[in-house]
Amino acid sequence: MKTLRKRLERFRRDQRGVAAIELSIALPILTVSALCAGDLGRFALQKTWVTYAASAGAEYAVAHSGSGFNASKVAAAAKAAAPGDISVSPDPSVSYGCATATGVTASTQGTICPASTSTGGVAGQYVSVTTTMPFTAMFNAAGISYPSTLTATAMVRIQ
């Protein structure tokens, strides 16, 4: 009985292998965390590309507003602005409206905007560019979901 007690006491004090057990517990948690961080980084990067592409299309429309609106050239400028499988959908469009604090209120050409709007004068001509890009997560963890399509819209006044 005494030898069994000594053996158990020696086993209890032995520290060999503790680091391996701790690593086996921590490694799956660290791996999942790294995969989630990688996905989040990819998501942020691709969302930036989509936003930049929409802005580039809108900037092209402003820069070339004197020569008339050409939806296909605006869409081509948006697609060329960023890498990846970016598409412009729906096609860039022109509309008339009055700028408000929350966006642009649709109106017709020549309409006088209410004094409560930021433009105050005649309704302006606006171009809207919407870009999309598919997104596929590398890793789907419980509780973390990403949209399957990233979308951004840019709207600018050209007149």
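Modelled spin-label separation between A26 and S116, with each label point placed 7 Å from Cα along the Cα-to-Cβ direction: 6.0 nm. Label positions at R12 and S93, each projected 7 Å from the Cα along the C-beta direction, are separated by 7.7 nm. Computing log10 I(q)/I(0) by the Debye sum over Cα atoms at q = 0.09, 0.13, 0.14, 0.15 Å⁻¹ for the structure here picks out one of [x] -0.32, -0.63, -0.72, -0.81; [y] -0.44, -0.78, -0.85, -0.92; [z] -0.50, -0.76, -0.82, -0.88, namely [z]. Sorting the segments 37-45, 6-14 by their mean number of nearby beta carbons within 10 angstrom, highest to lowest, gives 37-45, 6-14.
Take 131-138, 17-24 and order them by the average number of nearby Cβ atoms within 10 Å per residue, most first; the result is 131-138, 17-24. Computed from the C-beta positions of S145 and A63 and an R0 of 41 Å, the FRET efficiency is 0.60 to the nearest 0.05.
The numbers here are math on the coordinates, done by the rules we state, and not lab data. As the structure is a prediction and not an experimental result, all values here were calculated from the model. Positions of Cβ are backbone-derived with ideal geometry, glycine not excepted, and every protein chain shown enters the neighbour counts.
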